[in-house]
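So the structure is just underneath, and the comments pick up after that.
The values are calculated or read from the model by the stated rules, or taken from the named source; none is laboratory data. Please read these numbers as outputs of a predicted model, since none were measured by experiment. Backbone-built Cβ (ideal geometry, glycine too); neighbour counts: all protein chains shown. All accessible areas refer to the heavy atoms of the entire protein, side chains included, with ligands and DNA or RNA removed. Shrake-Rupley method; radii C 1.70, N 1.55, O 1.52, S 1.80 Å.
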Amino acid sequence: MFHKDLGETGKRLFRDFPVLRMLWESGRKKGIAELVETVRRAEEFKRNYALPYALELDKRMEEEPEYFDWEIMRQACRYRFLSIFIPKQLGGSAGEFMVTNTSLLMDELCSGCSGMALAIGAHSLGVAPLVTSGAMGHWDRILGEIVEGERKMEPVTMAYAITEPSAGTDVEEPEFLEVAKLSLEARKVQGGYVLNGRKCFISGGSEAKYVTVCAALDKSRPLETWTTFLVERGMKGFSSPRVELKMGQRASHAAELLFEDVFVPDSHVLGYEGDGMANGILMIMAASRGPVGAIATGIARSAFEHFLRWAKTRRNGKRPIDEDRIRMNLADFWGMIQENRGLYMSNAMLGDSIFGKVLAAPVMVLTLSLPSFVRTNKVMNDFLNSRYGKAMVNAIMRYYIKDEDITQLLETASLAKFSCSDNAMELCSRALNLMGPDDSEERRWVEKAYRDAKLTQIYEGTNQLNRLVVNNVRFEETLKVEVPRPFKKGVVS
Ligand SMILES: Cc1cc2nc3c(=O)[nH]c(=O)nc-3n(C[C@H](O)[C@H](O)[C@H](O)COP(=O)(O)OP(=O)(O)OC[C@H]3O[C@@H](n4cnc5c(N)ncnc54)[C@H](O)[C@@H]3O)c2cc1C
């Protein structure tokens, strides 16, 4: 395969991300070609679907926040965005560059419409705990259903629920979880657990068929008893009564979830009782905060592209771009975008060098290449869902991934998250100021980007929290993430 076979998309990506060119030249051609193909599909989504429709949908969602346009998810099926985090052996597209692929996809989609992108990306966030916890007993059924739904253009989605009405920042950091005031509680009963309480602001929570939910088994000892559950739509007592009126990224719902005596069987614990923070949330945040940096970057790029078009448009015989102050700002904006890309890319590359080893491990390849009926056979499935099955997968993970690697990944993820979102906010704000009270369509796009960017400073941990994470990992070494270890409950130092 030659460089030119990657087409215009490859040419642009190699120019914007020289590291991809370097990897291509050093022989990682197949993986890089897959990344280019993802971005090419995202460009098509942006051109044909997002750009012509985003402003109209944004307006409609302001007036009718309950409305959800399933066409977004059907388009996501068409372009195969729902299986981006699902291993290839199970029919998805997660391969050698799984995290980089997700980040590049988010950057590109968000340069079209970050509301639509969040509807798609929040689903992958829901899938992530199923994959990173090594819950192979559920993979064929649920991940298989997502892939099949994608093929048939009948979207099946997931969501990730950790935030509670009185605990947002507190559930994202071990030190704060210890003192969090929680409203959701899980109680152990014969054969499973009963969940009671609420979660809030859950992206895609009102549409998701499966939700990964964290809850304490004892609210007075949340850190020691924080556990991850797989909850399914249709479980008695589980509902999503309302969604928020959002300032930005409106195409995606932020839902409240209600749990009224919801029985969740033992087999639906992801990982083990009590490991929900050390091996649960921190692992997920290490993999997902970088892509939030990419979301912010895509939003910044949307503002930049519309600002540039505005700057080149002649008004009263003059073009704004003919003024030096506009030209200098454009260069600054591009600098911010490239700085962002450097940050989220270094997190993504590190993520792939860590997770790629597990997916490529011979025992993993062997297990995943078994025919599905072998893995879903009752004996095998019971084993994979048992303590011993989980221990086997965890042992493999521990062999390939070290605690220091995941801890470093968390640091780079938090750094990318707060830096990229702050840059996006700064860029949108400056662009709006420069455009002044202009009633052009370009200004409407920049105004939308401004509202959209704000949310990236909040979700996946506020930027204040992410700054503390960087401090705690790098300067004080008080925060360490643990790779799930067989039979061991979560411990966070
Ligand atoms: C659009 C959107 C989508 C979301 N999607 C999801 C989702 O899919 N799943 C999910 O579980 N959650 C989701 N969330 C929730 C999100 O993660 C929380 O909003 C976020 O963690 C902040 O929590 P909070 O809103 O309760 O704010 P609070 O925790 O109340 O924070 C309020 C302010 O106080 C600051 N603060 C709080 N504690 C400290 C501290 N100890 N030190 C310094 N400053 C502090 C915060 O930084 C912030 O500025 C979403 C939120 C939004 C806005």
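Things worth noting here:
- If only the Cβ of Lys and Arg carry +1 and only the Cβ of Asp and Glu carry -1, the dipole of the chain around its Cα centre is close to 1040 debye.
- Reachable lysines from LYS11, criterion Cα separation under 25 angstrom, eight or more residues apart if same chain: LYS29, LYS30, LYS46, LYS312
- Put simply, when 328-339, 239-250 are sorted by average Cβ atoms within 10 angstrom per residue, most first, you get 239-250, 328-339.
- Residue-by-residue Karplus 3J(HN,Hα) for segment 235-240, coefficients 6.51, -1.76, 1.60, Hz, glycine and proline x: 5, 4, x, 9, 8, 10
- For LYS188, a cut-off of 23 angstrom between C-alpha atoms picks up these lysines, skipping any fewer than 8 places away in its own chain: LYS199, LYS219, LYS236, LYS390, LYS488, LYS489.
- The portion of the accessible surface of segment 185-290 made up by carbon and sulfur, rounded to a whole percent, is 52 (1.4 Å probe; DNA, RNA and ligands excluded).
- Taking a ≥ b ≥ c as the square roots of the eigenvalues of the Cα gyration tensor, segment 3-157 is oblate, since a/c reaches 1.5 or more and a/b is not larger than b/c.
- Relative contact order for segment 160-270: 31 percent, from Cα pairs under 8 Å spaced at least 6 residues apart, divided by residue count.
- The C-alpha atoms of the chain define a longest principal axis, and helix 114-132 lies at about 30 degrees to it.
- Note on ASP352: accessible area approximately 10 square angstrom, rounded to 10, probe 1.4 Å, nucleic acids and ligands left out.
- Neighbourhood charge, 12 Å Cβ-Cβ cut-off, centred on ILE396 and excluding it, Lys, Arg +1 and Asp, Glu -1: +4
- Note, ³J(HN,Hα) from phi for segment 272-283, Karplus 6.51, -1.76, 1.60, rounded to Hz, x at Gly and Pro: 10, 3, x, 9, x, 8, 4, 9, x, 4, 5, 4
- Neighbours of ARG309 by Cβ distance under 14 Å: Lys/Arg scored +1, Asp/Glu scored -1, total +3.
- Net charge of Cβ neighbours under 14 Å - reference GLN89; Lys, Arg +1; Asp, Glu -1: 0
- Along its principal axes, the chain has C-alpha extents of 77, 50, 50 angstrom, given from the largest down.
- Sparsely packed loop sites in segment 297-375 (the trypsin sites (Lys or Arg not before Pro) outside DSSP H, G, I, E and B with at most 12 other Cβ atoms within 10 Å) comprise ARG314.
- Euclidean distance of C-alpha centroids, segment 71-123 and segment 251-279, integer Å: 23 Å
- Overall, the accessible surface of segment 3-157 at a probe of 1.4 angstrom is composed of carbon and sulfur to the extent of 52 percent.
- The mean of 1/r over all pairs of different alpha-carbon atoms in segment 114-253, once inverted, gives a Kirkwood hydrodynamic radius of 15.9 Å.
- Using alpha-carbon coordinates, inclination of helix 51-63 to the longest axis of the chain, degrees: 70 degrees
- Accessible area (Å², per residue) of the chain, counting only protein heavy atoms and a probe of 1.4 Å: 39 Å²
- 3J(HN,Hα) along segment 369-383: 8, 5, x, 3, 5, 6, 5, 8, 4, 3, 4, 5, 5, 4, 5 Hz, from the Karplus curve 6.51 cos²θ - 1.76 cosθ + 1.60 with θ = phi - 60°, whole Hz, x for Gly and Pro.
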